[in-house]
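First up is the structure itself, then whatever we jot down about it.
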Amino acid sequence: MAKPIDFCGFKLVLKGPHAAKPSDLKGIALVDHGNALVPIDLVPILPGCPKDNETWEAAYAKMVANARDRGWIDAKANAIRAHSETRF
């Protein structure tokens, strides 16, 4: 996570070998060329995510709630829609 508290810039960036190996995506589903579904429970355990940080956890919960209000949550997959970029 480049800026773990910047939820306005929430997106999935695929770099290097991960861009070519969807099996390494830990439950992330690529929806189309520019969008992905990221499991809500995956984000807090990603490298670079603040641990035991109540401020971050509250901000993340707020972002998920806002995404739910906008229809960006896939309830069946328990995932949040994110823009995706590929960088080689």
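Can you compute the FRET efficiency between Phe7 and Lys76 using 1/(1 + (r/R0)^6), with r the Cβ-Cβ distance and R0 = 22 Å? Round to the nearest 0.05.
Working: r = 23 Å, r/R0 = 1.05.
Between Phe7 and Lys76 the formula returns 0.45.
Split the accessible area of the stretch 38-83 by element, probe 1.4 Å, and carbon with sulfur accounts for 53%.
On a per residue basis, the convex hull of the C-alpha atoms belonging to the stretch 40-88 measures out at 97 Å³. For Ala79, the residues 5 or more places off, or on other chains, whose built amide H falls under 5 Å of its own are Ile40, Asp74.
The values are calculated or read from the model by the stated rules, or taken from the named source; none is laboratory data. Note that the structure is a prediction, hence the values are computed from the model and not measured. Methodologically, a virtual Cβ is constructed for each residue, glycine included, from the backbone with ideal geometry; neighbour enumeration extends over all protein chains shown. To get the accessible areas, we keep the full protein, side chains included, count just its heavy atoms, and leave off ligands, DNA and RNA. Shrake-Rupley method; radii C 1.70, N 1.55, O 1.52, S 1.80 Å.
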